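Trainee: There's a structure below that I have some questions on.
The numbers here are math on the coordinates, done by the rules we state, and not lab data. For clarity, every value in this text was computed on a predicted model and none was experimentally measured. Note that we place each Cβ from the backbone using ideal geometry, even for glycine, and neighbour counts take in every protein chain shown.
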Amino acid sequence: MARPRLHDLDALLDAAELLFAEGGSGALTIRALAERTGAPSGSLYHAFGSRNELLGRMWLRAANRFLDLQRTAVSEHLGEGAGYDDDAVAATVAAASTPAALAAQSPATAKLLLEHRRETIVDEGLPEPLTTELQALDDQLLQIMRTLASALFGRRDRRAIETVTACIVDLPTALLSSRHKRAIDPLTILEAAVRGVLTGAASEPSSTPGRA
């Protein structure tokens, strides 16, 4: 049996994300995906190898979509020079707001990334190529953080990287998760929080630990 074409795999992963969004990890089984899509279970096992690999492929695609959006948002706002200026701050706010942009395009993808940690979904024992691709996601996110740290502070030491992490990882996770329904606009609060963190960090004396 031929391996499904890429667009077929995308359709299967779209259905998998919806199942996951509706019922969590327990709702996403090969049998449930077969019932949702009409694809034979045998074809699904041929395409993904196992339920664990299906989860890994789902997470990998979701994270790559997110990182692509985040890199684009940063590049659209960031000027050529480095330093604490309006462009660098706007780029950081845009990076922090990426989950909302993703939710507008694909709510199920955003829900997967915002409300679940990779290690609670994907078990060890995946094929080596997939494991390598998943591990590379961390390096891609770190590169975005380094770009922002350099633009904001002119350095990439631990303090600078942790400040950026607070802005584009910790605050969005806390404020944009759909589990928390708010009467206030979370994006407005998120921007204010990011700008507040950056203003405070800019007023602190710089440190000289090793580069991240």
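Trainee: Based on the Cβ-Cβ distance from residue 139 to residue 101, what FRET efficiency comes out when R0 is 30 Å, to the nearest 0.05?
Mentor: Details: r = 22 Å, r/R0 = 0.74.
Efficiency, rounded to the nearest 0.05: 0.85.
Trainee: Within the chain, which whole H helices from DSSP have a Cα span along their axis of at least 18 Å and a mean Kyte-Doolittle hydropathy of 0.0 or more, if any?
Mentor: Numbers: long enough: 6-23 (26 Å, 0.65); 51-77 (40 Å, -0.60); 128-153 (37 Å, 0.30); 186-203 (26 Å, 1.05).
Length and hydropathy pass: 6-23, 128-153, 186-203.
Trainee: Rounded to two decimals, what ratio of Rg to Rh does the chain give with C-alpha atoms and a Kirkwood Rh? Provide the component values of the computation, followed by the final result.
Mentor: Values: Rg = 19.2 Å, Rh = 18.6 Å.
A ratio of 1.03.
Trainee: Another question, then. Could you give the length gained by full extension between residue 117 and residue 29, i.e. 0.36 nm per residue of separation minus their alpha carbon distance, to one decimal place? It would help to have the intermediate numbers written out before the result.
Mentor: Values: separation 88, 0.36 × 88 = 31.68 nm, distance 1.86 nm.
Extra length from residue 117 to residue 29 when fully extended: 29.8 nm.
Trainee: Follow-up. Where does the chain land at 222 nm, in deg cm²/dmol rounded to the nearest 500, when only DSSP H runs of n ≥ 4 count, each adding -39500 (n - 2.57), divided by all residues?
Mentor: Details: 12 runs with 151 residues, N = 212.
Per the formula, -22500 deg cm²/dmol.
Trainee: Could I ask something else about it? Would you mind checking the radius of gyration and Dmax of region 1-49 based on alpha-carbon positions, in Å?
Mentor: 10.2, 31
Trainee: Hey, another quick one. What is the extension gain from residue 177 to residue 11, computed as 0.36 nm multiplied by their sequence separation minus the C-alpha to C-alpha distance, in nm to one decimal? Could the numbers behind the result be given before it?
Mentor: Details: separation 166, 0.36 × 166 = 59.76 nm, distance 2.51 nm.
Here the answer is 57.3 nm.
Trainee: Here is a follow-up. How high is the relative contact order of the chain, given as a whole-number percent (alpha carbon pairs under 8 Å, six or more residues apart)? Please report the intermediate quantities before stating the final value.
Mentor: Numbers: 219 pairs, mean separation 46.1, N = 212.
Relative contact order of the chain: 22 percent.
Trainee: Compute the projected area of the convex hull of the Cα atoms of region 107-149, averaged over all viewing directions, and report it in nm² to one decimal place. Intermediate results must be reported in sequence, preceding the final value.
Mentor: Numbers: hull surface 15.9 nm².
Projected area, direction-averaged: 4.0 nm².
Trainee: Sticking with this structure for a sec: Which order do 57, 146 fall in if you start with the one that has the fewest other Cβ atoms within 10 Å?
Mentor: Listed from fewest to most nearby Cβ atoms, that is 146, 57.
Trainee: Take the Cβ-Cβ distance between residue 169 and residue 36 as r, set R0 to 30 Å, and report the resulting FRET efficiency rounded to the nearest 0.05. Walk me through the intermediate numbers first.
Mentor: On the way: r = 32 Å, r/R0 = 1.06.
Once the sixth-power term is evaluated, E becomes 0.40.
Trainee: What's the exposure ranking of 106, 203, going from fewest to most Cβ atoms within 10 Å? Provide the component values of the computation, followed by the final result.
Mentor: Values: 106 17, 203 7.
Fewest-to-most ranking of 106, 203: 203, 106.
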